[in-house]
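K.L.:
Here it is: the structure, laid out below.
The values are calculated or read from the model by the stated rules, or taken from the named source; none is laboratory data. All of these numbers come straight from a predicted model, not from anything done at the bench. Cβ sites come from the backbone with ideal geometry, for glycine too, and all protein chains shown count toward neighbours.
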Amino acid sequence: MPAKPLSGSTLDAFLGNLPRIRSMGPYFFDPVWARETHATDCVELLYPTQGHVELVTDTGRFKAGPGDILLNPTGTFHRDEFDFGAGVHIFMVFFSWPMEQEFFARVDNRRLQRLPRAAKAEMRSVLEQIRAQAGDAGAAQSLRTRGRLLALLLLALEETAPRSRSRPVRRSFGQRRRRRLAREAKRHLDAHYHEVISLEGLARSLRVSPSYLSHVFSTEEGTSLISYLTALRMNRAKGLLAGGRMNVSEAARAVGYTDANYFSKAFRRFFGHPPSYSRAGG
């Protein structure tokens, strides 16, 4: 079935309704989920981190491996098939959302699997930020996480929506311009995170004011520029430290920190443990 076009009023409704997260975290799948058909009373987001899973519903079979994203609407009966010998680890987000019906009228797993590589990479980047903060408590952190989840869902919506041939209204043009600016900023950060980066320098390269760039990025991505850059650097550093591939000072320099002590403090604040713990394989 073709995706429904997205009107300006519908987009406003999406932007005005944050999803409410019921729970999230890593799950080690039980074989019973593969054998028996089951359903949940909220939306499920599946993000495999190890192994492969195949979501089986009455609309098809959808395979996913590390880095892929699947969505299962509320009340959808399904099975989660996987290799019992190899096992599968999945980061899951269970959430409810007033816009769920409108969303799934436009987005399904078949369309998600056909997304361009760049769009998938951008969605993974947002989800990695959510995953990194999964254990954090507090109202402010909860609101940021909900904003990031909304940003991820809106990205899926934007990438799967049919392109209108009619002349876009001025408001839609402005929204697309802001989205494009946020993407350009993210691409720059993804490519240059290991260098010295300032808001002023980034804004100058994108030919906008620092305050405008900061506002647009926070609105579009559900997080600040500095939070995005920090999450990017911390996750890259964690990978470099894993298994003792680099020591703390080397990893700090590799992700843009000249002061290893400051890096260690930032790492502890972000993950809740010192970088030496990741280096040891913890």
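One line per residue, one yes/no per condition, for (1) more than 30 Å from Arg187 (Cβ to Cβ); (2) surrounded by fewer than 20 Cβ atoms within 10 Å (Cβ to Cβ); (3) modelled with pLDDT of 90 or more:
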| position | (1), (2), (3) |
| --- | --- |
| Thr57 | yes, yes, yes |
| Pro66 | no, yes, no |
| Gly75 | yes, yes, yes |
| Gly85 | yes, yes, no |
| Arg110 | no, yes, yes |
| Ala119 | no, yes, no |
| Met123 | no, no, no |
| Gly135 | no, yes, no |
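K.L.:
Please tell me if Val216 is in a loop (DSSP other than H, G, I, E, B), of a type outside the set (Ser, Thr, Tyr) and either under 18 Å from the mean Cα position of the chain (by Cα) or modelled with pLDDT under 90 (or both).
P.N.:
no
K.L.:
OK, next. Sort out for me the helices (runs of 4 or more DSSP H) sitting completely within segment 240-282 that have 2 or more residues that are crowded, with 16+ Cβ neighbours inside 10 Å and modelled with pLDDT of 90 or more.
P.N.:
Fully inside segment 240-282 and qualifying: 248-254, 260-271.
K.L.:
Go through segment 207-234 and give me each residue that's among the hydrophobic types (A, V, I, L, M, F, W, C) and crowded, with 16+ Cβ neighbours inside 10 Å.
P.N.:
If the condition is that a residue be among the hydrophobic types (A, V, I, L, M, F, W, C) and crowded, with 16+ Cβ neighbours inside 10 Å, then Val208, Leu213, Val216, Phe217, Leu225, Leu229, Ala231, Leu232, Met234 are the ones that fit.
K.L.:
If I go through segment 130-146 residue by residue, how many of them are in contact with a helix residue (DSSP H, G or I) (Cβ under 7 Å, 6 or more places away or on another chain) and part of a loop (DSSP other than H, G, I, E, B)?
P.N.:
1
K.L.:
So which residues in segment 5-42 are at pLDDT 85 or above, under 21 Å from the mean Cα position of the chain (by Cα) and of a type in the set (A, V, I, L, M, F, W, C), if there are any at all?
P.N.:
Leu18, Ile21, Met24, Cys42
K.L.:
Would you tally the residues in segment 54-93 being among the polar types (S, T, N, Q), in a strand (DSSP E or B) and within 22 Å of Ile21 (Cβ to Cβ)?
P.N.:
Summing the residues that are among the polar types (S, T, N, Q), in a strand (DSSP E or B) and within 22 Å of Ile21 (Cβ to Cβ) in segment 54-93 gives 1.
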